[in-house]
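Read the structure below first, then the notes.
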């Protein structure tokens, strides 16, 4: 499945014009929600992943794997910045505002994702 990416704000061609992902739509009697499901991005698709997040106004990202497993095998690229601080992908800026770990080892990160200002 594919999630189509619009041409980027700075006219950069996305790698393929899409990202491997699927829209998931749920409904209940009270609300209708839509989600995008995708695997953890690879280093060469980080920018497209963030482009999708911005274009589709994704308010939450749920990551169900660790970056590295118990055997030191890389499971997912560090597309968000595991530590506090900024990270940039071409024209996209990601800033980790805070990180909290819960009692159940759940890690919460507040990320600020924006297009960088063109000078």
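At-a-glance table
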{"quantity": "Residues being loosely packed, with under 10 Cβ neighbours inside 10 Å and within 22 Å of residue 58 (Cβ to Cβ) - total across segment 103-119", "calculated": "3"}
{"quantity": "Elements of type strands (runs of 3 or more DSSP E) in segment 1-60, at least 2 residues being modelled with pLDDT under 90", "calculated": "18-27, 32-38"}
{"quantity": "Residue match in segment 35-45 (condition: surrounded by 10 or more Cβ atoms within 10 Å (Cβ to Cβ) and touching a residue at least 60 places away in the same chain (Cβ under 8 Å))", "calculated": "no"}
{"quantity": "Complete set of residues in segment 93-102 that are surrounded by 13 or more Cβ atoms within 10 Å (Cβ to Cβ) and more than 17 Å from residue 66 (Cα to Cα)", "calculated": "93, 94, 95, 96"}
{"quantity": "Conditions (1) surrounded by 14 or more Cβ atoms within 10 Å (Cβ to Cβ); (2) closer than 21 Å to residue 3 by Cβ; (3) out of contact with any strand residue (DSSP E or B) (no Cβ under 7 Å at 6 or more places or on another chain); number of the one not met by residue 78", "calculated": "(2)"}
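The values are calculated or read from the model by the stated rules, or taken from the named source; none is laboratory data. A quick note: this is a predicted structure, and the numbers were derived from the prediction, not measured. Please note: Cβ atoms are built from the backbone with ideal geometry, for glycine as well, and neighbour counts cover all protein chains shown.
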